[in-house]
Amino acid sequence: MQKKKTVWIVLAVVVVVLAILVGSVVSSYNGLVDTREQVTAAQANVETYLQRRADLIPNLVNTVKGYASHEEEVYTALADARAALAGANTVDEMNEANAALDSALSRLLVVVENYPELKADSQFINLQDELAGSENRIAQARKDYNEIAQNYNTKIQKFPTVILANLFGFDAAEYFEAAEESQTVPSVNFD
C-alpha cells in the first residue's frame, strides 16, 4: 500500500513538473509571437508614413514644374526613387530607397532656391509643410520601430528563449538606420 502511494506521489510530481514546463514553453512561444507581430506592425507604420511622403512628392513636383519645367533630370530622379520605395520589401531595401528619395528631394529643393516666386506660392508652401510633417512622422515611426525591434531582438537572444527562437525560426529584426550620406555635414556657401 505504501509503495502504491509513493508511486502516485512521484507520478503526480512528474505531471506537475511537465505541466509547468509545457506552460512555460507555450508562454514563451506566445510572447515571441506577440513581440514579432509588434515589430511587423511598427514596420507597417513606417511604410505607411513613407508612402504618405511619396504620395505628396508628385504634387510638389508638379508645382515646381510650373515654374522650372527645364529641370527634367531632378524630376526623373524623384520618380525613380519613388518607384524604388514602392517596390521595397525589406527594411534594408526601404533604407536604400529612402536615401535615394532624400537625395532627389534635396536636389529639388536646390531648384526651388532658384525661383523666389515659387517659394512664395501658397500651394508650394502648404505642400512643403505637409512634407515636413511627414518627415517628423517618419522619424517618430522609425524610432518606435527600432525600440520594438530592439526589444524583440533582445528577447530572442536571452536564455532559455533563445532555444525556442532557434527551434521555431524567430529571426532577428533589422533596424532602420540613417543613410551614410546623412553623416556628412552639408556645406553652406553664401557666394
On average, how much accessible surface per residue is there in the chain, in Å², for a 1.4 Å probe, leaving out ligands, DNA and RNA? 65
Please identify, among 107, 53, 36, the residue showing maximal mean-square fluctuation in a Gaussian network model of the chain using a 10 angstrom Cα cutoff. 107
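Using packing as a proxy for protection, rank 93-104, 131-142, 109-120 so that the peptide with the highest average count of other Cβ atoms within 10 Å comes first.
In descending order of packing, they fall as 93-104, 131-142, 109-120.
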Quick one: which of 55-68, 160-173 comes out on top by average Cβ neighbours within 10 Å, and what's the full order, highest first? 55-68, 160-173
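Could you please state how large a percent of the accessible area of the range 41-186 is carbon and sulfur, counting protein chains only and using a 1.4 Å probe?
Whole-percent figure for carbon plus sulfur exposure: 50.
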Candidate lysines - alpha carbon under 20 Å from residue 143, same-chain residues fewer than 8 apart omitted: 155
Toy charge model, Lys and Arg Cβ at +1, Asp and Glu Cβ at -1: the chain dipole around Cα centroid in debye, rounded to 20, equals 1960
Leaving out same-chain residues fewer than 8 places away, which lysines sit with a Cα under 16 Å from that of residue 65? 119
√(5λ) per eigenvalue of the Cα gyration tensor, the range 35-191, largest first, Å: 38, 15, 13
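The values are calculated or read from the model by the stated rules, or taken from the named source; none is laboratory data. Just so it is clear, the structure is predicted and the values come from calculations on it, not from any experiment. Don't worry about glycine lacking a Cβ; one is built from the backbone with ideal geometry, like all the others, and counts go over all protein chains shown. SASA here: full protein model, heavy atoms, side chains in, ligands and nucleic acids out. Shrake-Rupley method; radii C 1.70, N 1.55, O 1.52, S 1.80 Å.
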